[in-house]
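The structure appears below as structure tokens.
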Amino acid sequence: MANIIDVKDLEYSYAEQKAPALQHVSFQVEQGSWVAVIGHNGSGKSTLAKNMLGLLEPAAGTIKISGMELSEETVWQIRARVGIVFQNPDSQFVGATVADDVAFGLENREVPRPEMLERVEAALKAVGMQEYANREPAHLSGGQKQRVAIAGVVAQQPDIIILDEATSMLDPAGRKEIIALIRELKAKLNLTVVSITHDLDEAALADQIIVLDSGKVVETGTPATIFARGSAMAKFGLDVPYSERVKEDLTAAGLPMPNTYMSEEGLVDYLWTLRSTM
Ligand SMILES: Nc1ncnc2c1ncn2[C@@H]1O[C@H](COP(=O)(O)OP(=O)(O)OP(=O)(O)O)[C@@H](O)[C@H]1O
Ligand SMILES: [Mg+2]
């Protein structure tokens, strides 16, 4: 599979900060895969996302999207291919109605009106919000707002969607719904997903996890290999998932535990099954 994202030796420093926010950041993402970027507060995750969209200009290094190097000349082409959903939906609404809001990015790209209306309707349908087209975005629930923000991205027909803690302001049920929606859209639209998250159950769904610490990539691997490094994760300020800690204790106590990552629910199911065979 081809790499749709290829970041090499990326460096970025904010003017007023001494330490660089990103240092020698290199990684690749396969087309059609799901990658989670994790790391403690201030480790450089949002800075990385902003560099990938050309919202910040790197001091050094290269970012290639579908083989095209990000530069002043290509930034608009690249932004048409990469959509982003931020943490706080309120700060990303610009339209008076839900439909206007979803249309906004297309108006900027001078998409002809009939096509625009079609794309907006299809995008709202894809996220299950078509009945809200004429509502005011401000009056929606947090989860509905994120659905509208996702519709705005879907309407652009991008290849890549970046979620910068897009579920972190939602309750657990709302998070699950949004993640299920993204998985569905990913399959249907053949998207590549970059999910920046503190939610380790969300990260566990990824094909690949990238761990950032003080602006550096300190680990990359599958969720199973990353989560298996219990104490190393703690070193990077990351919680070892509760289910992993329980699993370690049960393994130490001699129970036959699988070495793949399990969510709390998965672990409970496994333990019930195990009990029925004892
Ligand atoms: N606009 C800015 N001006 C100056 N420094 C900034 C700015 N934005 C971020 N920083 C600094 O750059 C570093 C990386 O910040 P960034 O927002 O990328 O972290 P993050 O991993 O997204 O954190 P969080 O999990 O809290 O969202 C931090 O030290 C932060 O203080
Ligand atoms: Mg951030």
> Using beta carbons and a limit of 9 Å, which pairs, at least six apart or on different chains, have the first residue in the range 132-158 and farther than 14 Å from residue 99 by Cβ and the second one assigned to a loop (DSSP other than H, G, I, E, B) and small (Gly, Ala, Ser)?
Replying inline: 146/166; 150/166
> Would a scan of the range 32-50 turn up a residue that is part of a strand (DSSP E or B) and surrounded by fewer than 17 Cβ atoms within 10 Å (Cβ to Cβ)?
Replying inline: no
>> Looking at the range 54-61, can you tell me whether even one residue there is away from ligand 2 (no atom under 13 Å from the Cβ), touching a Leu at 6+ places or on another chain (Cβ under 6 Å) and assigned to a loop (DSSP other than H, G, I, E, B)?
In response: yes
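Residue-by-condition table, conditions (1) part of a loop (DSSP other than H, G, I, E, B); (2) in contact with a Pro (Cβ under 7 Å, 6 or more places away or on another chain); (3) without any contact (Cβ under 8 Å) to a residue 40 or more places away in the chain:
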residue: 234; (1), (2), (3): no, no, yes
residue: 238; (1), (2), (3): yes, no, no
residue: 262; (1), (2), (3): yes, no, yes
residue: 265; (1), (2), (3): no, no, yes
residue: 272; (1), (2), (3): no, no, yes
> Which condition does residue 187 not pass, out of (1) surrounded by fewer than 23 Cβ atoms within 10 Å (Cβ to Cβ); (2) among the hydrophobic types (A, V, I, L, M, F, W, C); (3) in contact with a helix residue (DSSP H, G or I) (Cβ under 9 Å, 6 or more places away or on another chain), if it passes all the others?
Replying inline: (3)
> Can you spot a residue in the range 148-169 that is touching a Pro at 6+ places or on another chain (Cβ under 7 Å) and under 21 Å from residue 206 (Cβ atoms)?
Replying inline: yes
> Going through the range 176-199 one residue at a time, which ones are among the hydrophobic types (A, V, I, L, M, F, W, C) and either within 16 Å of ligand 2 (Cβ to nearest atom) or without any contact (Cβ under 8 Å) to a residue 24 or more places away in the chain (or both)?
Replying inline: 180, 187, 194, 196
> Can you spot a residue in the range 27-35 that is more than 13 Å from ligand 1 (Cβ to nearest atom), at positive phi and either basic (Lys, Arg) or within 15 Å of the chain's Cα centre (by Cα) (or both)?
Replying inline: yes
> How many of the residues making up the range 58-68 are out of contact with any Phe, Trp or Tyr (no Cβ under 7 Å at 6 or more places or on another chain) and under 21 Å from residue 21 (Cα atoms)?
Replying inline: 5
>> Please list, ordered by residue number, the helices (runs of 4 or more DSSP H) wholly in the range 63-170 having 1 or more residues that are over 27 Å from residue 4 (Cα atoms).
In response: 98-108, 113-126, 142-155
>> Filter the range 218-241 down to the residues that are farther than 13 Å from residue 39 by Cβ, at pLDDT below 85 and touching a helix residue (DSSP H, G or I) at 6+ places or on another chain (Cβ under 7 Å) and list them by number.
In response: 227, 230, 240, 241
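The values are calculated or read from the model by the stated rules, or taken from the named source; none is laboratory data. What you see is a predicted model, and the numbers here were worked out from it, not measured in a lab. Glycine gets a Cβ as well: all are built from the backbone with ideal geometry, and neighbour counts include every protein chain shown.
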